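Contents: one structure, followed by commentary.
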Amino acid sequence: MKLAVLCPHFAPDLAPTGEVITRIVSELAARGHQLDVVTALPWYVGHEVEPVWRGRLVRREHTEWGSITRVHPFPTDKRSIVRRAVAFGGFSALAGLEGLRGGRCDGVLSMSPPLTLGLTGWVMAKARRAPLVFNIQDVFPDVAVELGAITNPTVIEVSRQLERISYELADAVTVLSDDLRDNVAAKLPVAQAGKVRVIPNFVDTDAIVPLDRATAYRRELGIADELVVMYAGNVGLSQSLGLMIEAARVWRDDPSVVFVINGSGSGRAQLDELARGLPNVRFGELQPKHRLAEVLATADIHVVPLKRGLAKASVPSKTYSILAAGRPLVAAVDEGTEVARVVERAGAGLAVPPEDPGAFVIALRRLLDDEAGRRTMGARGRSFVEQWASPRAVAAQYEDLFAELAEARRS
């Protein structure tokens, strides 16, 4: 098949969603398909176009499996929803113009956020006479509304209308979990609810493997044999990372426990201030992809904290990476949501209510005091992801979906 892919990030950009779509494209190419990718110039790490990529609005390159077209993402202040919306619109329009190239294809895969790529993907699909698969990584505007980032009723209503229209125009909508399927299907006419399919993000069990905890990265952070509780990922509005600081206060006089927040984002400055004077808190910077397994192995316990209500609209891919690294986790998420269910099914950690410092501390204490339990949970998590989510399996599901849509069109 000849497929077109529209996404906000692609290698060498280091955004988690970029790594997901890059591997899916790689796996589809390995299965013999030709792909044309339209994406943004790399900009995720510093929230500005990387120096080596500056100077041109559009860059094109040919690959052995197709092509990659990169356009300017118009990055702006992440804290301003209005400015981000304008930037997303500019990127989507420019990407859409480039996506019209290439002639007829067998399918278009468009990724959200940003939500604007739903309409852009539809225009591409119509122009190239192909079915559209709209992949939802986070449900917008639900996440922004839950965070209080969008409060204007008019903006919320316009966003919800755009969301509904994007879902209705797509031939299929893929989501990461049963929760997100229910969320999206409820916004569609009953007759269209069946177009929503669950295809999880994969975890690269070849690249992320359990390693010894005595890593070089541990030494770089100035940590010896202390027990490490780590959050690794985006430090933004969705994460309730204040829990890490509250827990650090509980253990501030215990030299055997260190709390590490590894990553960057719009919430980093506030956390720096909250952690001031706490000797047991370390901040680490985003590391190159090839060090991911090492970073994850540095921790004895990982933390996945989402603010109340967000676990129903977002499934952090870091959850599966943690399990692949063979480490237990404490998930502070809404009860009964996908992350909580994964933790329970895998037997790989503990789930507690979101934004509940007391429950969070109790769960941490239980794991910190049980070395054998941590090892057992880590091994269970590794086994779970090996059997459940591989890049090859995810690519095969997309291949089958496009084949199904093509057959439906012929019929």
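Points to keep in mind about this one:
- Kyte-Doolittle mean at least 0.5 and Cα axial length at least 18 Å: DSSP H helices in the chain: 16-30, 81-99
- Theoretical ellipticity at 222 nm over the chain - DSSP helices of four or more residues, -39500 (n - 2.57) apiece, nearest 500: -12500 deg cm²/dmol
- Debye, to nearest 20: dipole size of the chain, +1 on Lys, Arg Cβ, -1 on Asp, Glu Cβ: 1000
- Subset of Lys187/Lys318; Lys126/Lys289; Lys195/Lys289; Lys2/Lys195; Lys195/Lys318 violating a 32 Å alpha-carbon distance limit: Lys126/Lys289; Lys195/Lys289
- With a simple spin-label model that places each label point 7 Å from the Cα along the Cα-to-Cβ direction, the separation between Ile165 and Arg104 comes to 2.9 nm.
- When only Cα pairs below 8 angstrom with a gap of at least 6 residues are kept, region 152-243 shows a relative contact order of 20 percent.
- Region 102-130 residues near the modelled Lys289 label - backbone nitrogen below 20 Å, point 7 Å along Cα→Cβ: 109-114
- Applying 1/(1 + (r/R0)^6) with r as the Cβ-Cβ distance of Lys126 and Ser411 and R0 = 22 angstrom yields a FRET efficiency of 0.65.
- Once the Cα-Cα distance is subtracted from the 0.36 nm per residue extended length, the Val250 to Thr154 segment shows a gain of 30.2 nm.
- Charge dipole (debye, nearest 20) of region 192-319; +1 at Cβ of Lys and Arg, -1 at Cβ of Asp and Glu: 680
- Charge dipole of region 12-55 about the Cα centre (unit charges at C-beta), most positive-ward option of Ser26, Tyr44, Pro12: Ser26
- Extended-chain gain in nm, criterion 0.36 nm per residue less alpha-carbon gap, Arg60 and Glu371: 106.8 nm
- Charge tally in the Cβ shell below 15 Å around Glu168, where Lys, Arg are +1 and Asp, Glu are -1, Glu168 excluded: +3
- Long-range tail of P(r) for region 360-401 (Cα pairs > 14 Å, %): 64
- At a probe radius of 1.4 angstrom, the accessible area of the chain per residue rounds to 42 square angstrom.
- Rel. contact order, % - alpha carbon contacts under 8 angstrom, at least six apart, region 332-411: 24
- Selection from Ala351, Ala186, Val58, by position along the positive dipole direction of the chain (Cβ): Val58
- Per-q log10 I(q)/I(0), the chain, q = 0.10 Å⁻¹ (Debye; single scatterer per alpha-carbon; no solvent): -0.67
- Contact order, relative form, for the chain: 14 percent (alpha carbon pairs under 8 Å, 6 or more residues apart, mean separation divided by residue count).
- Accessible surface of region 110-187 [probe 1.4 Å, protein heavy atoms]: carbon and sulfur percent: 55
The values are calculated or read from the model by the stated rules, or taken from the named source; none is laboratory data. Bear in mind the structure is a predicted one, so any value in this text is a computation, not a measurement. Neighbour counts run over all protein chains shown; Cβ positions are idealised from the backbone, glycine included. The accessibility values were calculated without ligands, DNA or RNA, using every heavy atom of the protein model including side chains. Shrake-Rupley method; radii C 1.70, N 1.55, O 1.52, S 1.80 Å.
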